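**Q** Below are the structure tokens for one structure; questions will follow.
None of the figures in this text is laboratory data; all of them are computed from the coordinates on show. The shown structure was predicted, so the numbers you read here are calculated from the model rather than taken from an experiment. Cβ coordinates were reconstructed from backbone atoms using ideal geometry, including for glycine residues, and neighbour counts include every protein chain displayed.
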Amino acid sequence: MAWAIEVFRKRGCVLVQLNTHKSRVDAVRFYETLGFEATHEGFKLAL
């Protein structure tokens, strides 16, 4: 991840956005250790 983030910076990116299901607590914890912060809540409607 550190390598990818550095490549993004060098290419002028200003934001990396990740999506995961909130039930994946290990994934959420992992992303937080990398400096990411949860900022949005999503909604779905199954039809």
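**Q** Please go through the range 2-34 and pick out each residue that is in a helix (DSSP H, G or I), over 30 Å from Lys44 (Cα atoms) and among the small types (Gly, Ala, Ser).
**A** Across the range 2-34, the qualifying residue is only Ala2.
**Q** Six or more apart or on different chains, Cβ under 9 Å: which pairs go from a residue in the range 24-37 that's loosely packed, with under 11 Cβ neighbours inside 10 Å to one that's in a helix (DSSP H, G or I) and of a type outside the set (D, E, K, R)? Could you list them?
**A** Cβ pairs passing all conditions: Gly35/Ile5; Glu37/Tyr31.
**Q** Separate question: I'd like the full set of residues that are within 16 Å of Ala4 (Cα to Cα) and under 8 Å from the mean Cα position of the chain (by Cα), limited to the range 23-39.
**A** Scanning the range 23-39 gives Tyr31, Phe36.
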